[in-house]
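**Student:** Input: one structure, supplied below.
The values are calculated or read from the model by the stated rules, or taken from the named source; none is laboratory data. A quick note: this is a predicted structure, and the numbers were derived from the prediction, not measured. Cβ sites come from the backbone with ideal geometry, for glycine too, and all protein chains shown count toward neighbours. Protein only, heavy atoms only, side chains kept; ligands, DNA and RNA dropped before computing areas. Shrake-Rupley method; radii C 1.70, N 1.55, O 1.52, S 1.80 Å.
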Amino acid sequence: MADSNNHNSLSRFRIAPVFLFRWEESQQAHVLMYPEGIVKLNPTAGEILTRCNGTNTVGDIVLQLSVLFSEQPEFIEPRVHQFLEVCHGKGWIQPQS
Amino acid sequence: MAKAGSNLNLDGQGNPVWLLLELTYKCPLKCAFCSNPTDLDAHEEELTTAEWKKVMHDARKMGAMQIGFSGGEPTLRKDLEELVSEADDLGYYTNLITSGIGLTRKRLENLKKAGLRHIQLGFQSSDPQTAHWLAGVDCYEKKINIAREIKALGFPMVLNVPISSVNIHQVPEIIELAADIGVEYLELANVQYYNWALVNRDQLMPTREALEAAEARVAEAREQLGDRMTIFFVIPDYYEGRPKACMNGWGSIHLTIAPDGVVLPCSQARSLPGLDFPGVRDHDLSWIWHESESFNLYRGDSWMKEPCRSCSEKEQDFGGCRCQAMLLTGDAANADPACSKSPHHHIVQEAVTRALATKQDHKKLIARDVGWVSTEV
Ligand SMILES: C[S@@+](CC[C@H](N)C(=O)[O-])C[C@H]1O[C@@H](n2cnc3c(N)ncnc32)[C@H](O)[C@@H]1O
Ligand code: SF4
Ligand code: SF4
C-alpha cells in the first residue's frame, strides 16, 4: 500500500472498488461491506466517508463537517486527516488520481 | 461452510446478516473433502427462480446484507445471473462461491453486469496431478484459466484452498501461484471434517509437523508480500485444542438456505439427527428465524452443559460447533470435542492418532459420488 501519510488538504479520495459503502436502514448507520466482512461506522465516520466521492478535497470535507457539527475547522481538521489515514491504511479508500 | 466467525464489527441485533444460498447440490467435481451432504438423493427439488427471489427479499427485509451464492456448483443454475442482479438491486454485497467449472468469459462479463462484486474460487493444488486426485476430475487447467479471466475482469477474489495431508507440503507453491494470479485473499482452509471429509478423515489428516511447517511458510510469505495479498490460515481445530467460534453462534447472524428451501443455521446442520428444519415452501422465513424450534434450540447459552456453562470463554466461542459435537460425541449440546476442556477431547486426539497411523495413499481417497453432473465447458 502506498504511504498513507502523504495526503494534504487538496487530496481527493474515493471508496476502493472492493467495498460497498451505503446507508443501512436496519442498522441505522452507514456500513462498509467487503468480501469477508462488514464494518458499521459511527455517525462521524459515516459523514466523512460519504464525502469521499472522488470530487471533494480533504479541505472541502473539513469545511463541510465543521458546518455540520458546528465546530471550528481547526478542531475538525486533524481528526479528519487522522481518520482518512486509518481508512487509507485499511484499504477502504483510494486517492483519486 | 462452517466458517469460524466472519469478520464483523456489528451486531445483527437478533437478525441475520449473512445469507448463504446453496442453489444446488449438483456439481461437476467430486472433491474427497467436500462438506456437502453424503445422502443427496433425499433432497432433490430445487427452489425455482421466483422462490429464490422471494427468499432474498424476505431476508433483506430482516436485515441481511451479505449474500453468498454457493452449492454444489452454483454456476449450474442458468438463472444465476438473474438472481445476482436481483440481489444487487436489493442492496446486498454479492459473493459467488464457485469451483470455476461452468464459468466462461461471457458468463463472467454478464455476472459483472448483473452486479456481482466478489468471487471465491475453490482450488485444490498448485500441481495438476494432485488437483486431479483431490477433485476426482481433471480440472487444473480450466481453473487456472478461469482464475486469470476473473482477475482480467477486475473482480476481487479469494482463492479458497482446503488444506489436507495431500497438499499441505505444497503451501509455498500455492502461495506463489495465488500471488502470480494476483488474488487479493488466499484462504488456506484446513479441511474441516464434515460429510465427505469425515469419510476421508484418515487420508486427509496432516501431521502436526506439516502444519507447523506450513504456518511458518505462511508467516514468511506474509512478511514478503505485505499488503499485496492477505493470507488467512483457518485453524486446524483438531490440533489446536480450541474450538472454532462456529457461525458466530447458532442462529446469531448466519442464515443458510439449502437447494430445496430448507432453512439452516449452517450448511452442516442438516446432518444433525432428530432435528426437523422447516423450509421456505411451508413457512415464513422470519418465523423460521425467530420462532422455529430448530433455530432456538442452541441459540444463546441456556442450552449449554458443563464445562461450557460455567466457562469464561463461552462468549468467544459459543461452545464451538454443534455439528461436530453431535458427530463425535453423539450430543450436539456437549462442548465441541475439539476443545481441550471437553471431557470428550480424547475422541479428537484418538482420531488424530488413528489417522496418522494410516498409510496415506491418494488411491484410497473416496471421491464424492453423488450429485455429479458432467459439463463440457
Ligand atoms: C462446498 S463448496 C461449494 C462451492 C463450490 N462448489 C466450490 O467448491 O467452490 C464451498 C467452499 O467450501 C470449501 N470446502 C469444501 N469442503 C470443505 C471442507 N471439508 N473444509 C474446508 N473447506 C471446504 C470449498 O473449497 C469452497 O470454497
Ligand atoms: S465437490 Fe468440490 S467443487 Fe463440488 S461442491 Fe464440493 S467442494 Fe465444491
Ligand atoms: S468449555 Fe465450552 S465454552 Fe469453554 S472453551 Fe471449551 S467449548 Fe468453549
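**Student:** Considering segment B:99-144 alone, what residues qualify as being aromatic (F, W, Y) and not in a helix (DSSP H, G or I)?
**Tutor:** Filtering segment B:99-144 for residues aromatic (F, W, Y) gives B:123, B:133, B:140.
If the condition is that a residue be aromatic (F, W, Y) and not in a helix (DSSP H, G or I), then B:F123 is the only one that fits.
**Student:** Another question, then. Hey, can you tell me all the residues within segment B:61-73 that are in contact with a Phe, Trp or Tyr (Cβ under 8 Å, 6 or more places away or on another chain), modelled with pLDDT of 95 or more and more than 9 Å from chain A (Cβ to nearest Cβ)?
**Tutor:** B:I67, B:G68
**Student:** Does B:F69 fit the bill of being more than 26 Å from A:W23 (Cα to Cα), within 13 Å of ligand 1 (Cβ to nearest atom), of a type in the set (F, W, Y) and buried (at least 22 other Cβ atoms within 10 Å of the Cβ)? Give the derivation first.
**Tutor:** Values: more than 26 Å from A:W23 (Cα to Cα): no; within 13 Å of ligand 1 (Cβ to nearest atom): yes; of a type in the set (F, W, Y): yes; buried (at least 22 other Cβ atoms within 10 Å of the Cβ): yes.
Answer is no for this residue.
**Student:** Any residue in segment A:4-12 that is open to solvent by 40 Å² or more (accessible area, probe 1.4 Å) and either within 13 Å of chain B (Cβ to nearest Cβ) or within 30 Å of B:Q13 (Cα to Cα) (or both)?
**Tutor:** no
**Student:** Taking only pairs six or more apart or across chains, which ones have beta-carbon atoms under 7 Å, a first residue in segment A:68-92 that is within 14 Å of chain B (Cβ to nearest Cβ), and a second residue that is aromatic (F, W, Y)?
**Tutor:** Cβ pairs passing all conditions: A:W92/A:F19.
**Student:** For segment B:117-136, which residues satisfy the criterion of being within 14 Å of chain A (Cβ to nearest Cβ) and open to solvent by 10 Å² or more (accessible area, probe 1.4 Å)? Explain how you work it out, then say what you get.
**Tutor:** Taking segment B:117-136 first, the residues within 14 Å of chain A (Cβ to nearest Cβ) are B:117-121.
Correct list: B:R117, B:Q120.
**Student:** I've got another one for you. Can you tell me which residues in segment B:319-343 are more than 16 Å from ligand 1 (Cβ to nearest atom) and open to solvent by 60 Å² or more (accessible area, probe 1.4 Å)?
**Tutor:** Correct list: B:S340, B:K341, B:P343.
**Student:** With (1) touching a residue at least 60 places away in the same chain (Cβ under 8 Å); (2) farther than 30 Å from B:G102 by Cα; (3) surrounded by fewer than 21 Cβ atoms within 10 Å (Cβ to Cβ) as the list, and B:V370 as the residue in question, which single condition is left unmet?
**Tutor:** Just one mismatch for B:V370, condition (2).
**Student:** Within the bounds of segment B:227-240, is there any residue that is more than 14 Å from chain A (Cβ to nearest Cβ), within 16 Å of ligand 1 (Cβ to nearest atom), of a type in the set (F, W, Y) and open to solvent by less than 10 Å² (accessible area, probe 1.4 Å)?
**Tutor:** So far as segment B:227-240 goes, no, none of its residues is more than 14 Å from chain A (Cβ to nearest Cβ), within 16 Å of ligand 1 (Cβ to nearest atom), of a type in the set (F, W, Y) and open to solvent by less than 10 Å² (accessible area, probe 1.4 Å).
**Student:** Residues in segment B:344-355 that are more than 10 Å from ligand 3 (Cβ to nearest atom) and open to solvent by less than 60 Å² (accessible area, probe 1.4 Å): how many? Spell out the reasoning first.
**Tutor:** So in segment B:344-355, the residues more than 10 Å from ligand 3 (Cβ to nearest atom) come out as B:344, B:346-355.
Still in the running and open to solvent by less than 60 Å² (accessible area, probe 1.4 Å): B:344, B:347-348, B:351-352, B:355.
The number of residues fulfilling the criteria is 6.
**Student:** I would also like to ask the following. Give me a count of the residues in segment A:13-35 that are more than 25 Å from A:T57 (Cα to Cα) and open to solvent by 30 Å² or more (accessible area, probe 1.4 Å).
**Tutor:** As a first pass, look at segment A:13-35 and keep what is more than 25 Å from A:T57 (Cα to Cα): A:24-28, A:35.
Checking the rest, the ones that are also open to solvent by 30 Å² or more (accessible area, probe 1.4 Å) come to A:25-26, A:28.
Qualifying residue count, segment A:13-35: 3.
**Student:** Separate question: Answer yes if at least one residue in segment B:181-188 is assigned to a helix (DSSP H, G or I), modelled with pLDDT of 95 or more and among the aliphatic types (A, V, I, L, M), and no otherwise. Spell out the reasoning first.
**Tutor:** Within segment B:181-188, the first condition is being assigned to a helix (DSSP H, G or I), and the residues that meet it are B:181.
Keeping just the survivors that are modelled with pLDDT of 95 or more gives B:181.
Subset that is among the aliphatic types (A, V, I, L, M): B:181.
For segment B:181-188, residues assigned to a helix (DSSP H, G or I), modelled with pLDDT of 95 or more and among the aliphatic types (A, V, I, L, M): present.
**Student:** Please determine whether any residue of segment B:172-180 is open to solvent by 10 Å² or more (accessible area, probe 1.4 Å) and in a loop (DSSP other than H, G, I, E, B).
**Tutor:** No: zero hits.
**Student:** A follow-up question, please. Looking for whichever is open to solvent by less than 90 Å² (accessible area, probe 1.4 Å) and more than 16 Å from ligand 1 (Cβ to nearest atom) here; the options are B:T358, B:T375. Which one fits?
**Tutor:** Details: B:T375 fails: more than 16 Å from ligand 1 (Cβ to nearest atom).
Being open to solvent by less than 90 Å² (accessible area, probe 1.4 Å) and more than 16 Å from ligand 1 (Cβ to nearest atom) holds for just one of B:T358, B:T375, which is B:T358.
**Student:** Out of the helices (runs of 4 or more DSSP H) lying entirely within segment B:284-377, which hold 1 or more residues that are in contact with a helix residue (DSSP H, G or I) (Cβ under 8 Å, 6 or more places away or on another chain)? Before the answer, list the steps.
**Tutor:** Numbers: elements: B:285-290, B:293-296, B:314-317, B:322-329, B:345-357.
The helices (runs of 4 or more DSSP H) meeting that bar are B:285-290, B:293-296, B:322-329, B:345-357.
**Student:** Here's another thing I want to ask about it. If the Cβ limit is 8 Å and pairs must be 6+ apart or interchain, which residue in segment A:27-49 that is more than 8 Å from chain B (Cβ to nearest Cβ) and within 17 Å of A:G91 (Cβ to Cβ) pairs with which residue that is open to solvent by less than 30 Å² (accessible area, probe 1.4 Å) and β-branched (V, I, T)?
**Tutor:** A:L32/A:I38; A:L32/A:V39; A:L41/A:V31; A:I48/A:I61; A:I48/A:V80; A:L49/A:I93
**Student:** Which of the residues that make up segment B:284-312 are open to solvent by 80 Å² or more (accessible area, probe 1.4 Å) and either touching a strand residue (DSSP E or B) at 6+ places or on another chain (Cβ under 8 Å) or charged (D, E, K, R) (or both)?
**Tutor:** Taking segment B:284-312 and keeping what is open to solvent by 80 Å² or more (accessible area, probe 1.4 Å), we get B:284, B:287, B:291, B:293, B:302, B:306, B:309-310, B:312.
Those that are open to solvent by 80 Å² or more (accessible area, probe 1.4 Å) and either touching a strand residue (DSSP E or B) at 6+ places or on another chain (Cβ under 8 Å) or charged (D, E, K, R) (or both): B:D284, B:E291, B:E293, B:E306, B:R309.
**Student:** Let me ask something additional. If you take the residues of segment B:19-52 that are away from ligand 2 (no atom under 14 Å from the Cβ) and over 18 Å from B:L80 (Cβ atoms), which of them is farthest from the other protein chains (Cβ to nearest Cβ)?
**Tutor:** Filtering segment B:19-52 for residues that are away from ligand 2 (no atom under 14 Å from the Cβ) and over 18 Å from B:L80 (Cβ atoms), the one farthest from the other protein chains (Cβ to nearest Cβ) comes out as B:D41.
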